[in-house]
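Undergrad: Got a structure here, written out as structure tokens. Questions coming.
Nothing in this text is a laboratory measurement; each read-out follows from the coordinates by a stated rule. This one's a predicted model, so the numbers in the text were calculated from it and none came from an experiment. Cβ atoms come from the backbone with ideal geometry, glycine included; neighbour counts cover every protein chain shown.
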Amino acid sequence: MKKSTFVTMILTTISIAFFALGMCMALIPEWNAFRQGIVFGVIGLVLGLLTIIAYRKMTDKAPIEISGRMLLVITAGILGALLFGCGMCFSMIWDNMVLGIILGLAGILMMLMLIPLIRGIED
């Protein structure tokens, strides 16, 4: 295993752990730790961004350039995940199965749309 891959794996694991713990702290009311959860979540996000920067620097890749296409892909991914999550909430928590299935399928289709957006369609 390359040194860059190992360092990236460790940093990613730490950042995900911080983010996940922060979201649990913020969203589980019994814990009474909303503000601390937000702080932990932000620390996880910052560590994730630092991981991306460190990996690209260790592998001698150029910095990421933000373009309109990249923003479209990010927006589509976030929207698809939110639609899918809302569909699950409607189905499992709010007892509205039909709307939940429709929203979940819309989210899945939107996330499937990411494949041609990222990779493109070849002959």
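Undergrad: Out of the range 102-116, which residues are assigned to a helix (DSSP H, G or I) and surrounded by 14 or more Cβ atoms within 10 Å (Cβ to Cβ)?
TA: Ile102, Leu103, Gly104, Ala106, Gly107, Ile108, Met110, Met111, Leu114
Undergrad: So is Leu114 aliphatic (A, V, I, L, M), under 15 Å from the mean Cα position of the chain (by Cα) and closer than 30 Å to Lys2 by Cα or not?
TA: yes
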